[in-house]
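Encoded as structure tokens, the structure appears first; notes follow it.
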Amino acid sequence: MLGKINTTLISKELLEKQFLYLSRLLTEQLNTEGFWTGRLASSALATSVAMVPLKLHKNIGFGEKIELGLSWLFANVNNDGGFGDTPESKSNVSTSLLCYAAINYCCNDDTSRKNALSGIKNYLETQQISFDSNNLTSSVLKFYGRDYTFSVPILSMLVICGVLNEEACNRLPQLPFEFTLLPASWYRFFKLEVVSYAIPALVAVGIFIFRKRTKGNLLFRFIRQKSIDPALKKLTEMIPESGGFLEAIPLTAFVCMALMAGDSDCPAVIKKGMIFLVKQQRPDGSWPIDTDLSTWVTTLGIKALGPKLYQSLSVESVESLKVHVLNIQYKEKHPFNGAKPGGWGWTNYTGSVPDADDTSGAILALLQMYTGKNEETEAIINGCNWLLGLQNSDGGFPTFCKGWGRLPFDSSSADLTGHAFAAFILTLEKLGDKLTPKVYKSFFKSAVKASGFLRKAQHSSGYWLPLWFGNQHTIDQTNPVYGTAKVSIYLDDCIVCKCLSESLRSVLEHMLDKARIYLVTQQNNDGSWGGAIDSKPSIEETSLAIGALVSGNESACIKGLNWLDNETKNHKFTSAPIGLYFAALWYDEEMYPLIYYIETLRRFLNK
């Protein structure tokens, strides 16, 4: 390791040595197929939800798997009696309620069951949650507001597990599963109360609630009754080969339990979904929230090494990475959400769907490995065209579907927009002579619109808020340091490009100046960064903040590098739960600290 770094002088030789050492650690994690897989943290939420369909299925062989899951939950309860999404997460109401329901339904040992449920109840009481049916239902619905993506499945699971009686279904919002029979392009006009990627839950949970209700408008009941079979048929058509909707354990488990508990005749979905859930359980009994983020961590790894890619990997290894990225680009219309060809999802498994962040990341990774081959050029252009089709009228980019702006997770966001902006500008810079004037103009116009969104989205203090990443230790659980660092890095990579107009360059410089000032004000006294000033620091946030400041404040960077060196002594790269997934679900990825540390060293060395 580096040892103590002087705050006014730093040895390039020592940093180079550290970079080479960490790069070796990274390359050693390539899988046998030549790309990175990563490892998501085990999740109490995913584990609790996954056990319930196993119990409902009544397969004798699932008993041992349920016991393993229960044992993992009992070993990972927090000191306050509640559960967080990961072992490193603070207790929260949603996960604690789901763990309560799963333990209540699945545990046969009276003593273990009683002790666990008592602890969770005590925690929930501190959050003003009682098990009175009305209080419980209204509290969960109030917490999630108009977004029913997670609140209604949670309450449905409480009914299925006997925590709430079936009469509670009369007070649950009726998810309008009948709307899914209309063309997907129409969904945004109906102001659906679930996000775009949760359509399977809308169908399965919506039908479950409908069948358990004893009240309702007779006309609507008639329409919904007639819509059940067609909706289930559509659900069956959506299930991927892997069996996991979005490769997500919670989403797939909610769908399976709702179908079984609602006596829905949908054998293909249940069979494939159960195979998926069983396969995803880990030897310790836990489940992660998703299969993996292999595409995301692979493109992050490539971008982290950047111009030093061939210094760290052989030509053959880089070619293998390139072939992998090219092969997993979607070449046909996606059956899940009807997305056009050209995008990339977060993993190579079939449950993944194309999204803005992974598509931008793949484009930038291919540009880093670009050798001028036609297939590379075509893939990059197709990716940019896919992004063009996703851009919202406000100039920003959402995650999955254009125009679904009603709920936060379907709105334009700064980090996704910054990523797409970089993909367009760096494509223009490297492939400009290979683009027709019309295509060149369309990409540049999109980038200008994106910069306009970023200018409006930047807070007067200089920060940007990210969409898919939060921090449990900030007051409102947002992560302005992560969002600001990410967008700043994207802009900094573009600001030297010759394809920029002077007016656009001026806009970027102004935004970057404000962002860097903000990041410096958020540095903790020990040199680290967390989600905001004085919040618990992490390797990820500190690394990203340094990477954003390498062209702006050397002393702040050196203080940060000092902290990173001390924090990672003895090969300690502890990941933090800064990932935010689904409606409100924390995760951490074990590769993030190493990747972001490598990237910041590379950027600092190349400044």
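Near D290, the amide H atoms lying under 5 Å from its own belong to I249; only residues 5 or more places off or on other chains count, and H is placed 1.01 Å from N. Ellipsoid fit via the Cα gyration tensor, segment 292-457: semi-axes of 24, 19, 15 Å, each the root of five times an eigenvalue, largest first. Every Cα-Cα pair of the chain was included, and the share exceeding 37 Å stands at 34 percent. The helix-only estimate of mean residue ellipticity at 222 nm for the chain, built from DSSP H runs of length n ≥ 4 each weighted as -39500 (n - 2.57), is -18000 deg cm²/dmol after division by the residue total. Where the alpha-carbon atoms of segment 64-180 are placed on the principal axes, they occupy 42, 31, 25 Å, in descending order. Multiplying the residue separation of K121 and D476 by 0.36 nm and removing their Cα-Cα distance gives an extension gain of 125.3 nm.
Taking label points 7 Å from Cα along the Cα-to-Cβ direction, K142 and V520 give a separation of 4.5 nm.
Among W563, W529, the ranking by other beta carbons within 10 Å of each residue's beta carbon, starting with the fewest, stands as W563, W529. Taking all Cα pairs closer than 8 Å and separated by 6 or more residues, the relative contact order of the chain comes to 15 percent. Given segment 258-358, what whole percent of its Cα pairs are spread farther than 24 Å? Considering segment 258-358, 44 percent of its Cα-Cα pairs are separated by more than 24 Å.
Reachable lysines from K271, Cα under 26 Å, same-chain residues fewer than 8 places away excluded? Leaving aside lysines fewer than 8 places away in the same chain, those within reach of K271 are K55, K58, K65, K212, K226, K233, K234, K279, K333.
Of the peptides 71-77, 125-131, 335-341, the ranking by mean beta-carbon count within 10 Å, highest at the top, reads 71-77, 335-341, 125-131.
What is the log10 of I(q)/I(0) for segment 563-607, computed with the Debye formula using one identical point scatterer on each Cα and no solvent, at q = 0.28 Å⁻¹? Log10 I(q)/I(0), no solvent term: -1.00.
Derived value for segment 43-288: Kirkwood hydrodynamic radius 18.1 Å. Basis is the mean of 1/r over every pair of different alpha-carbon atoms. Dipole size of the chain about its Cα centre, with +1 on Lys/Arg Cβ and -1 on Asp/Glu Cβ: approximately 1340 debye, rounded to the nearest 20.
Local charge for L416 was computed over the other residues whose Cβ lies under 11 Å away, with Lys and Arg +1 and Asp and Glu -1, and equals -3. Cross-link reach is defined here as a Cα-Cα straight distance under 16 Å, omitting same-chain residues fewer than 8 places apart; for K441 the lysines meeting it are K430, K449, K498. 3J(HN,Hα) along segment 66-81, derived from phi through the Karplus expression 6.51 cos²θ - 1.76 cosθ + 1.60 where θ = phi - 60°, amounts to 5, 4, 4, x, 4, 4, 5, 4, 4, 7, 10, 6, 6, 4, 7, x Hz, with x in place of Gly and Pro.
Just so you know, all these numbers are worked out from the coordinates, no wet-lab data involved. In this text the structure is predicted, and so the values were computed from the model without any measurement. All Cβ positions, glycine included, derive from the backbone under ideal geometry; neighbour counts span all protein chains shown.
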